[in-house]
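Written below as structure tokens is the structure these notes are about.
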Amino acid sequence: MEIFVNEQKLESVIENEKNLGEVFDAVRRWVETNGKFLLSCVVDGEEFTQNTMRDSSISNVSKMEFFVGEELDILISSLHELDSYVDKVGTTLLGRDSLTEKESKELTDGIEWIRSLLESAGKLLKLKYDQIKPMGTGSTVSDILDALSGNSSKLDGTTAIEEFLEYLRDLKLFVMDLVARASVLDLELPTLREILDTFIKAVPALKESFVKVNESYQAGKDEVATHLLTQSVSQINVLLTSFITLRQKLPGMDFSKIQIAERTFEEKTNDLNDTLASVALALEEKDIIRAGDIIEYEIPAVLDEFLPFLEKVKEQADSLAV
């Protein structure tokens, strides 16, 4: 069997692998070790499917082609495709009480594709999915993927489908945030500075949006509140990710020198992350009152304290960019 990666034949990746699943896993590990990510795999002209091909012997196959992303924009494009696929699955399942055998197999393969893509994205972006909890849910990304994978072939009945859709909504929240984070990593310096300027000016509006989140929770509009909360937290995550890119674009950028009243920039960043984490914990414990208090009062207070540090970051970035 011949193996190609982006139309280039490989000679030494495969050793003792006997079935297509083992080859797929070996190539994916090799791809990720080289700092890239796997987009898709084609076996003798047909797209590789975990459900039907994993246990197939390599002796029955003549050619296996892997398509690998080498640029961040390809990853971003793939994440947008993933976001659209999640929407498509949700629309297909809504109101259903069962799936056909063909639909079930396609869904199982689709969930494995999601897992594969997110694993590659996680390695590239250095994300720990067993520690990330999408805002508004109590499950980690790893828990969500495991639940979707374990239940995708067992959607027999309205209750099973509704539970699956709950996990799918959790995944949707994370993918939205992930697309925003990944997009920042590929931005040029002028755009990064614009993000910083815009965020500083938008802090009052952002504080107000957190107040609206709590109002929605108190009014029993949990879905609206979760959507608003995800949007607001995503803005903060975009800002925090922009600091990583700023450091890459401006080698002289030194956040450790930014200090106000004996508090460092890193400490204030940690305060912000810890406050967001406390919201996720309160929501996980279904303590809406505590979550609401943190959202409406503590997050705006932390943002106010964070604002002078952002001004210092802007000053340093402007001086280095001259």
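Charged side chains reduced to their Cβ positions (Lys and Arg at +1, Asp and Glu at -1) give the stretch 232-293 a dipole of some 360 debye around its Cα centre.
What separates the Cα centres of the stretch 273-317 and the stretch 172-211 is a distance of 15 Å.
In terms of distances greater than 25 angstrom between alpha carbons, the cross-link table entries LYS36/LYS257; LYS172/LYS268; LYS36/LYS249; LYS9/LYS36; LYS123/LYS257 yield LYS36/LYS257; LYS172/LYS268; LYS123/LYS257. When all protein chains stay in place and ligands, DNA and RNA are ignored, the 1.4 Å accessible-area order of TYR129, TYR85, largest first, is TYR85, TYR129. Once you have a ≥ b ≥ c as the square roots of the Cα gyration tensor eigenvalues for the stretch 78-198, tell me rounded if a/c is under 1.5, and otherwise prolate or oblate according to whether a/b is larger than b/c. Here the stretch 78-198 falls in the prolate category.
The values are calculated or read from the model by the stated rules, or taken from the named source; none is laboratory data. Fair warning: this is a prediction, and the values are worked out from it, not measured in the lab. Positions of Cβ are generated from backbone atoms using ideal geometry, with glycine treated the same way; all protein chains shown enter the neighbour counts. Quick note on the areas: whole protein, heavy atoms, side chains included, nothing else; ligands and nucleic acids left out. Shrake-Rupley method; radii C 1.70, N 1.55, O 1.52, S 1.80 Å.
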